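Report on the structure given below.
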Amino acid sequence: MTVLRAAFRCLVAVMLLAVFAAGAHAQEALLEPLAQAAQGGRWEELQKQAQAMAADDELSATQRGQAYTFLSLAHINLSQPGPALDAADEAVRILPDHARGWLMRGTAYMMLRQLASAEEDFRKAVRVDSGIWEAYRNLAELSQARGDMPGALDWFGKAVEYAPGNTDLATEYALLLHGMGLHSKAETALTDVIGLVPQAPGPYNNRGMVRLAQGRFDDALADFTRAILLDPAFEEARVNRGNVLRVFKRYKESLADFTQGLESRPESVKLLVGRMYTRAEMGDYAGAAQDIAAAYRHANVDPYVLNEYAWFLATCTDEGVRDGARAMQLAREAIGLSAGPIPGYYDTLAAAFAEAGEFENAVAAQKQAISFGAQAGLLQRQLEEWAERLEGYEHGLPYRNNVP
């Protein structure tokens, strides 16, 4: 999860709490139009109204400070971090004891990638108001960004404590636990979320992923199925169920899941890639090739699609499908378009080199995959599998497999 994405995700909560802050009795009538514009997501309207109010010298300092807070909120939601920072500067200058101004300025700093300044402002926010849970959550995000996972857990725990019943926050916390391998705790958190919103499909899908990581395929399958029953168009759950059915070698059911999903979402690259793998395991290599080619047509600059296409062309057991030169090109494009080193992409590049007969390059790329994988904390069994491939490349043997 990127810091920018984290900053954006906090805005809905910021919006609602800024509206709440505007409801102080002395300010309510004057600030109500701003609150309504924010609540309705009418950001350009909010920007104009807040700008006019902030420039009105006849208003009290409190009113103008609140107006600058709303103005910063509008700029943030309009993806204008520079003006958002300017407005937040005025908000905290006028109202240094109002936590919302510090929260807004920290969010603007996050969008500008000035993470040290963002952290400082979020810490100021919680000193002013210990119950401002969004600041705790953003501090957790910042801790994650620098690899301090215990710190992230601590901050997230505080956020959850101050926002009981917030299912979005609880879900984020559960996914953090899941990402750290604390699957049992993650499952408990998601089960609690399901208890609060039993008709929401997302928590079932997320719990299914946690159970899948624990090797509990039947339980995971049940969760994915429940999610699909609640929302038949839920793409992610259908992809997940199709993949699990393929693991069970229930190929016809897996194929049906992907195909049904594609009926409503014909350009879904995840559904196309999933069906490609199922068709390949069924021996339908021509159909698999059609699916991955279609995914590429829809998203030819998506690193995920480029990597999957490269993997298929490099490792397919059908000699008529394999194309080492094209696989190398696609794998290099996937790496070049990625924000940072993704270990699996180097594993794909190594397989492409090996298929093209460039085993020296294959060995070098596979060593990079293992090194990046170790740095990323990948499971030991994954690293061992990659080490086996490395040994094969060292002996001049390409890798053959249709399963990711």
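Every number here is computed from the coordinates shown, using simple stated rules; none is lab data. No experiment lies behind these values; they were computed from the predicted model shown. With ideal geometry, Cβ positions are generated from the backbone for all residues, glycine too; neighbour counts draw on all protein chains shown.
Going by how many other Cβ atoms sit within 10 Å of their own, how do Tyr285, Tyr204 line up, fewest first?
Tyr285, Tyr204
With a Förster radius of 56 Å, plug the Cβ-Cβ distance of Ala200 and Glu58 into 1/(1 + (r/R0)^6) and report the FRET value to the nearest 0.05.
It comes out at approximately 0.75.
Taking the Cα atoms only, what angle lies between the long axis of helix 99-111 and the longest principal axis of the chain, rounded to 10 degrees?
Once rounded, one gets 30 degrees.
At what distance in nm do the modelled label points of Ala222 and Ala116 sit from each other, each positioned 7 Å from its Cα along Cα→Cβ?
5.2
What pairs from Lys270/Lys367; Lys124/Lys270; Lys158/Lys367; Lys48/Lys158; Lys158/Lys249 go past 32 Å between their alpha carbons? Don't skip to the end; give the middle numbers.
Numbers: Lys270/Lys367 28 Å; Lys124/Lys270 42 Å; Lys158/Lys367 40 Å; Lys48/Lys158 36 Å; Lys158/Lys249 44 Å.
Correct reply: Lys124/Lys270; Lys158/Lys367; Lys48/Lys158; Lys158/Lys249.
What is the fewest-to-most order of Met53, Met104 by other Cβ atoms lying within 10 Å of their Cβ? Display every interim value, and only then the final one.
Details: Met53 20, Met104 31.
Ranked by crowding around the Cβ, least crowded first: Met53, Met104.
Return one quarter of the surface area of the convex hull spanned by the alpha-carbon atoms of segment 150-212, equal to its mean projected area, in nm².
On the way: hull surface 15.0 nm².
Computed as one quarter of the Cα hull surface, the answer is 3.7 nm².
Length gain on complete extension for the stretch Lys252 to Arg42, per 0.36 nm per residue less the alpha carbon to alpha carbon distance? All intermediate terms of the calculation are to be shown ahead of the outcome.
Numbers: separation 210, 0.36 × 210 = 75.60 nm, distance 4.75 nm.
Contour length minus Cα-Cα distance gives 70.8 nm.
Using a Gaussian network for the chain with springs between C-alpha atoms less than 10 Å apart, which of these wobbles most: Glu391, Glu90, Glu267?
Result for the chain, Cα springs under 10 Å: Glu391 fluctuates most.
If each residue of separation counts as 0.36 nm, what is the full-extension length gain between Asp302 and Arg265 once their alpha-carbon separation is subtracted?
Details: separation 37, 0.36 × 37 = 13.32 nm, distance 1.75 nm.
Difference between extended and current length: 11.6 nm.
Given q = 0.13, 0.25 Å⁻¹, what are the Debye log10 I(q)/I(0) values for segment 191-251, with equal point scatterers placed on the Cα positions and solvent ignored?
Those come out to -0.29, -0.97, one per q.
In nm, to one decimal, how far is the Leu30 label point from the Gln380 one, both placed 7 Å along Cα→Cβ?
Each label point is offset 7 Å from its Cα along the Cβ direction, giving 6.5 nm.
For segment 126-161 and segment 373-401, write down the distance between their C-alpha centroids in whole Å.
37
Once R0 is set to 41 Å, what does the formula 1/(1 + (r/R0)^6) return for the Cβ-Cβ distance between Arg93 and Arg332, expressed as a FRET efficiency to the nearest 0.05? It would help to have the intermediate numbers written out before the result.
Details: r = 50 Å, r/R0 = 1.22.
The calculated FRET efficiency here is 0.25.
Calculate, axis by axis, the spread of Cα positions in segment 246-336 along the three principal axes, and write the results as whole Å, longest axis first.
35, 28, 19
Run the quick spin-label model on Thr317 and Ser371: label points 7 Å from Cα toward the beta carbon, then report their separation in nm to one decimal.
The modelled label-to-label distance comes out at 3.4 nm.
Averaged across orientations, what area in nm² does the convex hull of the alpha carbons in segment 301-404 project?
On the way: hull surface 23.2 nm².
Its average projected convex-hull area is 5.8 nm².
For helix 251-264, what angle does its Cα long axis make with the longest principal axis of the chain, in degrees from 0 to 90 and rounded to 10?
Roughly 40 degrees, rounded to the nearest 10.
Just from the alpha-carbon atoms, what are the Rg and Dmax of segment 93-248 in angstroms?
My reading of the Cα-based Rg and Dmax gives 18.1, 63 Å.
Sum -39500 (n - 2.57) across every DSSP H segment of at least 4 residues in the chain, then divide by the residue count to get the 222 nm mean residue ellipticity, nearest 500. Display every interim value, and only then the final one.
Values: 23 runs with 308 residues, N = 404.
Counting only the DSSP helices, I get -24500 deg cm²/dmol.
Compactness ratio of the chain: Cα Rg over 2.2 N^0.38 Å, N = residue count?
Ratio of Rg to 2.2 N^0.38 Å for the chain: 1.16.
Using alpha carbons only, how many degrees (0 to 90, rounded to 10) separate the axis of helix 183-196 from the longest principal axis of the chain?
60
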